[in-house]
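Report on the following structure.
The values are calculated or read from the model by the stated rules, or taken from the named source; none is laboratory data. Everything quoted here is computed from the prediction, not taken from an experiment. Ideal geometry is used to build each Cβ from the backbone, glycine not excepted, and the neighbour counts take in all protein chains shown. Surface areas here come from the heavy atoms of the whole protein model, side chains and all, with no ligands, DNA or RNA. Shrake-Rupley method; radii C 1.70, N 1.55, O 1.52, S 1.80 Å.
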Amino acid sequence: MNLSKIVSFFDEIAPERLQETYDNSGLLIGNPNNEISKALISLDVTNEVINEAIVNKCKLIIAHHPLIFKPIKKLTGSNLTEKLIVKAIKNDIAIYAIHTNLDNISNGVNKILAQKLSIHNTHILEPSASKLNKLICFCPTQHSNKVRSAMFEAGAGQIGNYDYCSFNTEGLGSFRALDNTKPFVGEKGKLHQEAETKIETIVPDFKINQVIKKMISAHPYEEVAYDIYPLENKSFLTGAGMIGELNEEMEINDFLRDVKQKLNATHLRHNQLLHRKVKKIAICGGSGSFLINSASRQNADIFITGDIKYHEFFEHQGEMTIVDAGHFETEQFTKELIHSFLIEKFPNFAVQISEINTNPVLFL
Ligand SMILES: [Zn+2]
């Protein structure tokens, strides 16, 4: 498999432009034209993970955390990052990172964490409100189902928890094919009228290119007529953290014991437990303390994330229980998530999940 195919697939499901400004997701090491016969999925790139890739003949490591964060001015192997870069290059191993762009999509890191913790009816906790566009396509009526489906499959027509949303009007299209044309219907040089459907749908900015590409390839006409209008409406399909509900109210102790067990966590650090049953749960895999206030504003009973600092535990005491379940622990299912995206799209591509626990935090 050509590496560029994997890169462009990931850019479709979690576009690089959705990553945070401090992040460095994308292809970090390797030639995009390399042929890759096997990939290894890991949370981090460590020396052990590179060894695992070498032993298993994986020429690509797909990691959640980028190996390279800060710009590099020299490559002398003077620190761990430089050593790992040199080792990857010497062994012809490409490295791809899919980090905050995978955090910021609605079916990403937080979705799989919510599923594992049995949190339902989820939505994004702090939406990034990407810009929306109205996309209108004119299509011969007999082909409108095919074109509409292609647009939906590429990400058009999602409003809240509804997808495949569109409005369709039947009408009469007209055109005249000039020189150097091969009209799908009608004759060259003659005015033609065709029964057409006007398909109206919406597309967020970050999906517009892929939707137009799929729309044009499904459309039978040589020249596809379509309009794009920028809208004032915001899309809330992307952003940080997630909030949802348990099926039924639970005793807080029972729920947290359940969380501890499902995350295989050595311990949970938390502030004062609420003296009431809990139902509304906010989460953020990794370092999510910047979302404490968002979780509280949305009346979460509990907020679960990693990397909570001492002073942050003082906030919202008695209103919301803040739980630090560990950075690694809350992101551990990301490997499984990346794996499921890949095997669904490329069922014949060899891809394996790293068996190495890269959690650098240990407990005595
Ligand atoms: Zn992380």
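Take the conditions (1) in contact with a Gly (Cβ under 7 Å, 6 or more places away or on another chain); (2) of a type outside the set (Phe, Trp, Tyr); (3) more than 21 Å from Asp258 (Cβ to Cβ); (4) away from the ligand (no atom under 16 Å from the Cβ); Ser287 misses just one of them, which is (4). Taking Phe303 as the residue in question, decide whether it is surrounded by 17 or more Cβ atoms within 10 Å (Cβ to Cβ), within 16 Å of the ligand (Cβ to nearest atom) and among the aromatic types (Phe, Trp, Tyr). No, not satisfied. Within the set Asn110, Asn91, Asn121, the sole residue that is touching a helix residue (DSSP H, G or I) at 6+ places or on another chain (Cβ under 9 Å), of a type in the set (S, T, N, Q) and under 27 Å from Ile243 (Cβ atoms) turns out to be Asn110.
When the range 127-152 is filtered for residues that are open to solvent by 30 Å² or more (accessible area, probe 1.4 Å) and within 14 Å of Ile199 (Cβ to Cβ), the ones remaining, listed by number, are Lys134, Phe138, Thr141, Gln142, His143, Asn145, Lys146, Arg148, Ser149. Checked against the criteria, Glu336 does not count as modelled with pLDDT of 95 or more, touching a strand residue (DSSP E or B) at 6+ places or on another chain (Cβ under 8 Å), more than 16 Å from the ligand (Cβ to nearest atom) and not in a loop (DSSP other than H, G, I, E, B).
Here Pro220 qualifies as more than 22 Å from Ile13 (Cα to Cα) and open to solvent by less than 80 Å² (accessible area, probe 1.4 Å).
Which number in (1) touching a residue at least 40 places away in the same chain (Cβ under 8 Å); (2) among the hydroxyl-bearing types (Ser, Thr, Tyr); (3) open to solvent by 90 Å² or more (accessible area, probe 1.4 Å); (4) touching a Gly at 6+ places or on another chain (Cβ under 9 Å) marks the one condition that Tyr164 misses? Only one criterion is unmet by Tyr164, namely (1).
When both residues are 6+ apart or on different chains and their Cβ atoms are under 6 Å apart, which pairs have a first residue that lies in the range 281-294 and is outside any helix (DSSP H, G or I), and a second that is among the β-branched types (Val, Ile, Thr)? Filtered contacts from the range 281-294: Ile281/Ile119; Ile281/Ile302; Ala282/Ile243; Ile283/Ile304; Cys284/Thr305; Gly285/Val109; Gly285/Thr330; Gly288/Thr305. Inside the range 25-75, residues that are assigned to a loop (DSSP other than H, G, I, E, B), open to solvent by 20 Å² or more (accessible area, probe 1.4 Å) and touching a residue at least 40 places away in the same chain (Cβ under 8 Å) make up a count of 9.
Kindly check whether there is at least one residue in the range 189-210 that is farther than 16 Å from Ser144 by Cβ, touching a residue at least 40 places away in the same chain (Cβ under 8 Å) and loosely packed, with under 13 Cβ neighbours inside 10 Å. Within the range 189-210 (the criterion being farther than 16 Å from Ser144 by Cβ, touching a residue at least 40 places away in the same chain (Cβ under 8 Å) and loosely packed, with under 13 Cβ neighbours inside 10 Å), the answer is no, since none of the residues qualifies. Residue selection: Asn247 fails the criterion of being outside any helix (DSSP H, G or I), out of contact with any Phe, Trp or Tyr (no Cβ under 8 Å at 6 or more places or on another chain), within 26 Å of His99 (Cβ to Cβ) and open to solvent by 90 Å² or more (accessible area, probe 1.4 Å).
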